[in-house]
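Notes for the one structure printed next.
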Amino acid sequence: MSIDISTQFLPYTAITASRPAVLDFVSGAPEWDRLVAQASFPHLPQSFAYGEGKRAKGWTVRRAVFSRNNRIEAFATVMERRLAGLRLLTRVNRGPVFLEARPQAESIVAVYRTLRRHWRGPLLIAPALELSADNGALLRAAGFRLRHGEGWLSGRIDLRRTEQDLWAGLSSSFRNRVRNSVKAGALLRLASDTDTYEWMLARHAENMRDKGFTAADATLLRALREAAPQNVSVFQLLHAGAAVAGMSVVRFGDSAEYHIGWFGPEGRRLNAGNFLMWEIIKELRRQGVTQFDVGGMRPGDGYTQFKRTMRPVEFRLAGEWMSF
């Protein structure tokens, strides 16, 4: 979503003076889900279910819709931290999301300016705009200043291709490890029931404890699934009758994102990541999902190197911004 201002056929002074968008709010899941499905590049934190997960963590969640000329242009899950009725902090993560793949510069400034004007006070945003000098200029024109430039880095796989083309698009080392898993007797179990998800949450908690990292906890994840159980799937690798690895994927609209995973010693020996990711790709394609987000990447991280063997189209968002 990198915007080249010079190609927008609009003087920069006109961009900075663009008319604010009209702000409205959505409360129900069906209407919000329709917006997510219409967006060219939605993000998991902007899904209805993820918002319910943040609500379970104590945030006040408001779902904002931005329109101009009687046409919806963008939407955002806006989270407020309140104490005794007073708003202390406002946060937007990977939003607002624009319906168009390449929104006009004037539209970007109008939406972000409206967001800033409505939520005065401490406002922290991680924009759903790709990192670029042009997008940085537009955010500054809307009244934001950069907090830090390390934005969300991830990659997407286009699932609109044939299964044969998807397989060919993976690295040879990835494909070989999948073949070795199958030869070693790896089997897939795909489930969406509560007990299996609780198993996944317990493994996720173990993983965080053993490896010393923090991520979405059971409170958030459980509430997310309760809001949309049909969109949360667990892929288990079975070997000798036991689950030795697992991955959870969340669908939102025609997109999906890998969210949490766990690999036991036997799962690692069986190349569980390769086996399960390939099964995830095939299943999501079968369901009609068009794009799969591999779930975040960090340069220098071994798991990131693994994800790169799937050859996703990588992108980095524009960092963290703030206004007061």
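The values are calculated or read from the model by the stated rules, or taken from the named source; none is laboratory data. Model, not experiment: these values are computed from the prediction. Note: ideal-geometry Cβ built from the backbone for every residue, glycine included; neighbour counts use all protein chains shown.
Part of a loop (DSSP other than H, G, I, E, B) and modelled with pLDDT of 95 or more, is that true of Pro30? When the stated conditions are applied, Pro30 does not pass them.
Of all residues in segment 206-242, those that are of a type in the set (Gly, Ala, Ser) and farther than 21 Å from Pro45 by Cβ total 4. Comparison of Glu279, Glu266 shows that the only residue that is surrounded by fewer than 24 Cβ atoms within 10 Å (Cβ to Cβ), closer than 17 Å to Asn180 by Cβ and in contact with a Phe, Trp or Tyr (Cβ under 7 Å, 6 or more places away or on another chain) is Glu279. Taking segment 163-223 and the helices (runs of 4 or more DSSP H) fully enclosed by it, the elements with 3 or more residues that are closer than 20 Å to Trp262 by Cα and touching a strand residue (DSSP E or B) at 6+ places or on another chain (Cβ under 8 Å) are at 194-211.
Taking the conditions (1) in the same structural domain as Pro96 (by TED's automatic domain parsing); (2) touching a residue at least 12 places away in the same chain (Cβ under 8 Å) in turn, Arg140 satisfies each one other than (2).
Given Ala245, Ala216, Ala272, which one is surrounded by fewer than 20 Cβ atoms within 10 Å (Cβ to Cβ) and in the same structural domain as Phe174 (by TED's automatic domain parsing)?
Numbers: Ala245 fails: surrounded by fewer than 20 Cβ atoms within 10 Å (Cβ to Cβ); Ala272 fails: surrounded by fewer than 20 Cβ atoms within 10 Å (Cβ to Cβ).
Just a single option satisfies the conditions, and that option is Ala216.
Can you say whether Gln230 is surrounded by fewer than 17 Cβ atoms within 10 Å (Cβ to Cβ), in contact with a Ser or Thr (Cβ under 8 Å, 6 or more places away or on another chain) and not charged (D, E, K, R), as far as the supplied structure shows? Yes; evaluated as a whole, the condition is true for this residue.
Can you tell me which residue among Val313, Val289 is crowded, with 20+ Cβ neighbours inside 10 Å and either aromatic (Phe, Trp, Tyr) or not assigned by TED's automatic domain parsing to the domain that holds Ala29 (or both)?
Val289
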